[in-house]
Structures are given as structure tokens and as C-alpha cells.
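Here the structure comes first, spelled out in C-alpha cells, and everything after it is commentary.
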Amino acid sequence: MKKRLFSFGLVFLMVASCFGCSKEKATEEVAKNEEVEIVPTTIEKSEYGNPITGFDASGKMIYGGDPAALVDGDTVYLYTGHDTASNESYKIPEWQCYSTKDMKNWKYEGVVLKAKDISWADDNSAWAGQVFKYNDKYYFYTCSWANTDEGKQSIGVAVSDSPLGPFTDIGQPLVKGSFTTDETSTWNDIDPTVWVETDANGVEHRYLAWGNGKLYMCELNEDMTSVKDIDSDGQIIFGKDVISQKTPNSYTEAPWLYRRKDENGKYYGDYYLFYAYGWREQLAYATCDDLMSGNWKFGGVIMVPTATSDTNHPSVIDFNGKTYFIYHNGSLPKGSGYRRVVCVEELVFDDDGKVPYITETATGINGETWTITSLNGDKLTHIKYENSSSDGSYPYLGVKLGSDFKNAADADSLWQITPGKADKNNDNYVSIESYNKPGMYVTAAGKDCNLSQDSTGSASKSQTFITIEGLAGEGISFESVKFKGKYLAIVDGKATLVDGTGDKNDCTFVIE
Ligand code: FUB
């Protein structure tokens, strides 16, 4: 443990000189102030919260959204597009994969398919997809801007013997954008999701659903790479073999089909359609008892827009006896709807099969939260606010932080303390992330402290603090890495930075 001697008197002398106080006054202050030891110390940190992706094999930060999880034996494979845009438009050249056996430790498995290796696809449009295992082969249903077909988004499929690829595209779109003639945009044909099930008569059905603004549904042949001629009239006809369904409430895109299983692994109850709702995208679900009927009954909104991304995208899986709800946000530095990362929460169905509201959290299923309360009894809290549906409200910067917000919920006072963003290997460095506004951190901003997203990727120092033994002689104090010699404090209900010469209980905290 490193010790550093710090004289409050010396600081007073320097400050007084700077502001033109008389030499006599400064000398007086030196005499009054005692010498205090600044002792960097290590506190417990949360190592396993959200996001669960955002790194490559060397640990370098990378982005990727549109999660699609596949359970294969004892492993969950998680596929994402690779977001590489530096501005606010999509640049997604490839799909990458992560894997886990315990939903805690995730391994980057690398790139499994590149858009440039799909002959008909634009090189930078590896949009949302889903990998499905069928008869020991892995089918990667994709969507991309088509180089042909008037440049419309189209649905593709690539095949592999391994969940880790390489996947080989079939050489043409599985469903061309121009095939769905009720189009309202050139990107109606995106976001494929697959469901395979044998009905009560022993007939297997292989369903493919997709769509932005529209919700399309068809069945696939046993080859999994062609649309089924449902009425066996020798041709695939839009409206008969591929159906444009009535969309559930405020359906935007990102459909994900799911059904619950009983303890014997048998499907039961309605089908669930999880989807992106409205704009900025919330997540919602609908149910029905027959996928081709399109008789969707709205279930409700289950997640509000995330604090950091305009889109969201659900993936729901059962693994080792639990159901997981996987989605994306922009919670890493410089994150946004164009630089996304994947998060996970547990989904526990209500007894009647309803999906309860799910909070986007910084901690996910394995992180830890703490409260941070000053020795004067002020609990570090951010002001309560709903994430806006208006793009203009983002990124959230300078959100009020303090202790005196009358309507704040308990969750607004919960924090995930993570390794410090400025240097994750420095044991004495921490960052303090909001539990219910992931990607929003306690930020030292000169005199004050606020809650902000690091929307430019340049806030790592202002969002990192050195933990030191409490200046009041107990507890913990947080020294700003950006403003050395300044400590996080709550004074008169407001989070601020102080130099430690005032009431030391303001800048000394109990963490529980
Ligand atoms: O990644 C591009 C598009 O953003 C996806 O296809 C949509 O679901 C949205 O997340």
C-alpha cells in the first residue's frame, strides 16, 4: 500500500497565493492545519457486470450489437454484428461470436462470417442475424444490403458444421427484398429469427420470421436454406407462402421467437414474440398460439429505451434451468446506437406466463451493487429520470448528482463500483457506475460532480477515482484522477469536489 503525505496547510498556502490573499493570512492557515496522511487503499469492485461483450481475444475494446444467442449442449454461443462506425451511421463488416459455459465467463471466439464473403451483400452491412442448429449443422440467418436487387435489404443464410464457423453463404438471398411487395422501405427485410417445432400431428415446422415495420413469416424446407411451398402449387408466392402479418403494437423490428419448456423439456403454452417497440426502441412482447396465424396478442413493454443506444434487440434463451434476456446498449466509452455492446438479465415469467418489466442494469446477472453514504448520512444518489424517447435528449451528460432528490427511487442510489476506467489494472482506481443507467458514471467536472455518459471516449480520467483511507480517519474517500487533490463530497445535498480542508465527513464515505 503506497502512502503519500499531504498537508492541508500547504494547499491553503498555495490556494491563498493564487487568489491574491495576504501572506500573513496564508501563514496563519498553515499553522492551524494539521498534516494528514493520504493512504491509497483497495476496495471491493464488481468484475462481472454488464456488458458481457465488448472485448476481443487480446482484451481490446470492440463494439457489437444485435445479440443472437444459441444454446448448444453445455455452451451458449452469442453472435453479434461488429460495430466499427466512428460516426452515427452503421458500419458493420462482420459477425463475431462469444461463448460461455456458465453465463459469467465469456470468451471471444472471433469473426465467424464477413459480409464481404457473401457475394450479394454490401461489405459493411452485417446487420442482425441468428444462428440455428438443425440436424448437426449450423445455419446463420443474416440480413444485409444487397448489391443486386435494387440495393434493398435482403435475408441470407450461411451454413457451417461448427457453431464457430466458417459459415458459407448459399450464394444468393434466401428472401430478396423485392419479393415482399408490400414494402414501405428498402429495409423492411431485416432481422431474421427461426423457430423449429413438431406439431401435435408429428409434423415438423421450420419457421422463419423477420421484418422492420412489417412482420413476415414463412416456413422453410428441410434443407433450411429455401422457403417452403406451403400449398404445393409449385411456386413461392408472396401472400401465400410468405405472409405479411398484422404487426403487434408499435412493432419496429428485431423479432425473436421463443416458447417456454416444462421440466421434461417439452414446449408448452403460447409462442412469444419479443421485439423492438417504437422509437427510441423499447422492448416488448406479444403472444399467440399459432405462428402462421399472426394473431399476436400484445403482452406489454418490458424495457424502456436504454440510457445509451437508440436501438435495442432482444434474444431469449433457456440455459441450465434459467431463462436469460439478452439485449444491447451503448454503455462502453464512445458508445451509442452505432457502437453497441451486449448485456444480460435473468427473465422470470409470472405464474400466468406474463413477462415482467425488466430493468436495464449495470450489474446484469453477476455484478454487485453498493450504496455510498457520507459520514454525514448523505447517500450518493442521481436524480430520478425516465430515458427519453427523443434522440435530441442524448447523450445524457451532467445529470444531477447529490442526496436530496425527493422523488428518487432506491435504485437511483445503487452503484456498481468497477475497476477504474483510466487504468483497470490499478487496484486503487475505481469508477462508479449507475446501477439503473448503465454507461452513466460519476464524473468529476471541475468544481462539481455529475452523472454522465462517456459519449466521446475521452472521460476515462474524469470518471476514475483513487480510493484512499477516509480523510475523516475512517471509511473511504475518493480522490479524482483528473483533478488530483480533489475529493468527491456531498455538500448541502449536492455532489461536488472538495480539497479536504472543510468538513471531512462530507468527503468520507461508508460503502455497503
Ligand atoms: O444493426 C443494424 C440494425 O440495428 C439491426 O438490424 C436492427 O435490429 C437494429 O438493431
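Could you sort Lys214, Lys246, Lys114 by accessible area so the largest value comes first, with the probe set to 1.4 Å?
Working: Lys214 45, Lys246 165, Lys114 75 Å².
From most accessible down to least: Lys246, Lys114, Lys214.
Can you pick out the pairs among Lys261/Lys437; Lys104/Lys152; Lys45/Lys322; Lys45/Lys447; Lys104/Lys334; Lys379/Lys447 whose Cα atoms lie more than 29 Å from each other? Checking Cα-Cα distances, Lys261/Lys437; Lys104/Lys152 exceed 29 Å. Helix 23-32 and the longest principal axis of the C-alpha atoms of the chain enclose an angle of approximately 80°.
Please work out the average accessible area per residue across the chain, using the 1.4 Å probe convention, and give it in Å². Don't skip to the answer; put the middle values down first.
On the way: 21150 Å² over 512 residues.
Using a 1.4 Å probe on heavy atoms only, each residue of the chain averages 41 Å².
In the chain, the longest principal axis of the Cα atoms and the axis of helix 8-18 are about 90 degrees apart. Net charge dipole, the range 300-413: roughly 460 debye, given to the nearest 20, about the Cα centre with Cβ charges of +1 for Lys and Arg and -1 for Asp and Glu. Taking every alpha-carbon pair under 8 Å whose residues sit at least 6 apart, the range 82-224 reaches a relative contact order of 16 percent. Pairs of Cα atoms nearer than 8 Å and 6+ residues apart set the relative contact order; for the chain it is 11 percent.
Is there a quick way to get the dipole size of the range 205-274? I mean about its Cα centre, with the Cβ of Lys and Arg at +1 and of Asp and Glu at -1; what is the value in debye to the nearest 20?
Working: 9 positive and 11 negative charges, 64 e Å.
With only Lys, Arg, Asp and Glu charged at Cβ, the dipole is about 300 debye.
What part of the accessible area of the chain, given as a whole %, is carbon or sulfur when the probe is 1.4 angstrom?
On the way: 9940 of 21150 Å².
Carbon and sulfur together cover 47 percent of it.
For the range 68-347, relative contact order (Cα pairs under 8 Å, six or more residues apart, normalised by length) works out to 11 percent. If R0 is 35 Å, the Cβ-Cβ spacing of Lys322 and Ala411 corresponds to a FRET efficiency of close to 0.95. Rounded to the nearest 500, the helix-only mean residue ellipticity at 222 nm of the chain stands at -1000 deg cm²/dmol, with each DSSP H run of n ≥ 4 adding -39,500 (n - 2.57).
Packing around the peptides 265-277, 440-452, taken as the average count of other Cβ atoms within 10 Å per residue, puts them in this order, highest first: 440-452, 265-277. The residue among Gly367, Ser460, Ser403 whose Cα reaches farthest toward the positive pole of the charge dipole of the range 364-512, with charges on the beta-carbon of Lys, Arg, Asp and Glu, is Ser460.
Spin-label pair Lys240-Tyr357: with each label point 7 Å from Cα along the Cα-Cβ axis, the two points sit 4.8 nm from one another. Quick one: grab the alpha carbon gyration tensor of the range 68-347, order the square roots of its eigenvalues as a ≥ b ≥ c, and give me rounded if a/c is under 1.5, else prolate or oblate depending on whether a/b is larger than b/c. Rounded, since a/c falls under 1.5.
Select from the range 295-373 those chymotrypsin sites (Phe, Trp or Tyr not before Pro) which occupy a DSSP coil region and have at most 14 other Cβ atoms within 10 Å, ordered by residue number.
Numbers: sites: Trp296, Phe298, Phe319, Tyr324, Phe325, Tyr327, Tyr338, Phe349, Tyr357, Trp370; in loops: Trp296, Tyr338, Phe349, Tyr357.
Those that pass, being in a loop and sparsely packed, are Phe349, Tyr357.
Under a model in which nothing but the beta-carbon of Lys, Arg (+1) and Asp, Glu (-1) is charged, the chain shows a dipole of about 1600 debye around its Cα centre. Considering only Ala489, Gly278, Tyr324, the residue lying farthest towards the positive end of the dipole of the chain is Ala489, judged by Cα position with unit charges set on Cβ. Ligands, DNA and RNA aside, Thr501 has an accessible area near 40 Å² when probed at 1.4 Å. Exposure check, 1.4 Å probe, all protein chains in place: Asp410 carries approximately 130 Å² of accessible surface. Our compactness index for the chain, the C-alpha radius of gyration over the empirical 2.2 N^0.38 Å, is 1.12. Rolling a 1.4 Å probe across all protein chains gives Asp199 an accessible area of roughly 60 Å². With each label modelled as a point 7 angstrom along the Cα→C-beta vector, the Asn221-Ser458 pair spans 5.7 nm. Site pair Glu44 and Asp391 shows an inter-label distance of 4.3 nm when each label is modelled 7 Å from Cα along Cα→Cβ.
Taking θ as phi - 60° and the Karplus parameters 6.51, -1.76 and 1.60, the scalar couplings of the range 496-512 work out to 8, 10, 10, 8, x, 8, x, 5, 5, 5, 5, 10, 10, 10, 9, 10, 9 Hz in sequence order, x denoting glycine and proline. Among rounded, prolate and oblate, which fits the range 78-164 when a ≥ b ≥ c are the square roots of the eigenvalues of its C-alpha gyration tensor, a/c under 1.5 means rounded, and a/b larger than b/c means prolate? In terms of gyration-tensor shape, oblate. Think of the chain as a dipole: +1 on every Lys or Arg Cβ, -1 on every Asp or Glu Cβ, centred on the Cα centre; then among His82, Ser46, Leu257, Ser46 lies furthest on the positive end. The GluC sites (Glu not before Pro) of the range 244-299 meeting both criteria, a DSSP state outside H, G, I, E and B (loop) and at most 14 other C-beta atoms within 10 angstrom of the site's C-beta, are Glu263.
The values are calculated or read from the model by the stated rules, or taken from the named source; none is laboratory data. As the structure is a computational prediction, the values presented were derived from the model and not from experiment. Counting neighbours? That spans all protein chains shown, and the Cβs are built from the backbone with ideal geometry, glycine included. Each accessible area value is taken on the protein alone, full model and side chains, heavy atoms only, with ligands, DNA and RNA left out. Shrake-Rupley method; radii C 1.70, N 1.55, O 1.52, S 1.80 Å.
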